[in-house]
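The values are calculated or read from the model by the stated rules, or taken from the named source; none is laboratory data. From a predicted model like this one, the values you see are computed outputs, not experimental measurements. Please note: Cβ atoms are built from the backbone with ideal geometry, for glycine as well, and neighbour counts cover all protein chains shown. Keep in mind that these areas ignore ligands, DNA and RNA; they rest on the heavy atoms of the full protein, side chains included. Shrake-Rupley method; radii C 1.70, N 1.55, O 1.52, S 1.80 Å.
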Amino acid sequence: MNKTGCFITMEGPDGSGKTTQIQLLEQVLKNQGYQVWVTREPGGTSIGEQIRKIILDVENEEMDPMTEAILYAAARAQHVKQLIEPALDKGMIVLCDRFLDSSVAYQGVARGLGIDTIEGINQYATGGLVPDITFFIDMDPVIGLKRKKDQAELDRLEQETLYFHKKVYEGYLALWKRHPGRIYRVFGQDTVENIHQQIWSKLKEKIE
Ligand code: TYD
């Protein structure tokens, strides 16, 4: 666990249902009396939300992969310094929708910048902060994307090809194999309640 609080991240391909699971987890943790703070990436801070707009803007077609990777890392640096570390220092549980693993899967593997390059850039950005536990919602990217398309307009990353999204998925599998102690995989093609129960029972082992 981090010095005082607990840093939990939720990861997975687009349309994997992370956000719903974060909301359910927040509720159950609050009911148990924990102090919880929910946030997301890219974003979380005012500066981070401005960076998010630039990255996800469908007009920014010409964005270079390295620019993209550095912008995600810049938003993350601000997020860690301004909000995540102070919340952990206060002993809070921080629940974050995406973090470093998203950059490794999307920019490192799918964009082809390499896992080591992305981990290196992010080492500067986060000062080495790593989640205590990460839930990877394992969802077939074809199904995830279909879900997304049915729900809302797609952003610049979501508009990428199916090939790109399959690479993202491969990236997550590689990460899960690389960090078996930290990343816990949950199958995404189950009921919302069953997925929540699996996440909650694993998390209970960690925090109780
Ligand atoms: P997200 O907010 O999860 O999208 P939504 O809420 O619309 O499901 O993430 C926005 C997009 O940014 C998503 O396609 C994943 C991508 N992303 C990266 O490519 N690298 C990163 O480091 C992060 C945090 C997100």
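List of remarks:
- Helical content alone sets the calculated 222 nm signal of the chain at -15500 deg cm²/dmol, taking -39,500 (n - 2.57) per DSSP H segment of four or more residues and averaging over every residue.
- Length available on full extension from Arg182 to Gln123: 0.36 nm per residue minus the Cα-Cα distance, which gives 19.5 nm.
- Candidates Pro13, Pro180, Pro141: whichever shows maximal mean-square fluctuation once the chain is modelled as a Gaussian network with Cα springs under 10 Å: Pro180
- Rounded to the nearest whole Hz, the Karplus-based 3J(HN,Hα) values (6.51 cos²θ - 1.76 cosθ + 1.60, θ = phi - 60°) of the range 116-127 follow the sequence 5, 4, 5, 5, x, 4, 6, 4, 5, 5, 9, x, with x at glycine and proline.
- When +1 charges are put on Lys and Arg Cβ atoms and -1 charges on Asp and Glu Cβ atoms, the dipole computed for the range 167-208 relative to its Cα centre reaches about 300 debye.
- Nearest-0.05 FRET efficiency for Ser201 and Gln151, computed from C-beta distance (R0 25 Å): 0.30
- Listed residues Cys6, Gln189, Val109: farthest to the positive end of the dipole of the chain (Cβ charges): Cys6
- Under the Karplus curve 6.51 cos²θ - 1.76 cosθ + 1.60, θ = phi - 60°, whole-Hz ³J(HN,Hα) for the range 151-162, x wherever Gly or Pro sits: 9, 7, 5, 7, 7, 4, 6, 5, 6, 4, 5, 4
- Taking the 1.4 Å solvent-accessible surface of the chain as the whole, the part contributed by carbon and sulfur is 51%.
- Note on Val109: accessible area is roughly 40 Å² with a 1.4 Å probe, heavy atoms of protein only.
- Those lysines that a straight Cα-Cα span of less than 16 Å connects to Lys204, excepting residues fewer than 8 apart in one chain: Lys30
- GNM top mover of Gln198, Gln21, Gln78 - the chain, alpha-carbon springs below 10 Å: Gln198
- The string of couplings for the range 15-27 from the Karplus curve (6.51, -1.76, 1.60, θ = phi - 60°) is x, 7, x, 4, 5, 4, 5, 5, 4, 5, 5, 4, 4 Hz, one whole number per residue in order, with x for Gly and Pro.
- Label-to-label distance for Thr20 and Lys81 is 3.8 nm, based on points extended 7 Å past Cα in the beta-carbon direction.
- Summarising the label geometry, the points placed 7 Å from Cα in the beta-carbon direction at Lys53 and Gln159 lie 1.8 nm from one another.
- Cβ charges +1 (Lys, Arg) and -1 (Asp, Glu), total dipole of the range 84-174, debye: 300
- If you run the Gaussian network model on the chain, springs between alpha carbon atoms under 10 Å, then out of Ser16, Ser46, Ser102 the most flexible one is Ser46.
- Accessible area (Å², 1.4 Å probe, nearest 10) - Cys6: 0
- Taking the Cα centre of the chain as origin and assigning +1 to Lys and Arg Cβ atoms and -1 to Asp and Glu Cβ atoms, the resulting dipole is close to 580 debye.
- Over all projection directions, the Cα-based convex hull of the chain averages an area of 10.7 nm².
- Spatial separation of Cα centroids for the range 106-148 and the range 1-54, in angstrom: 15
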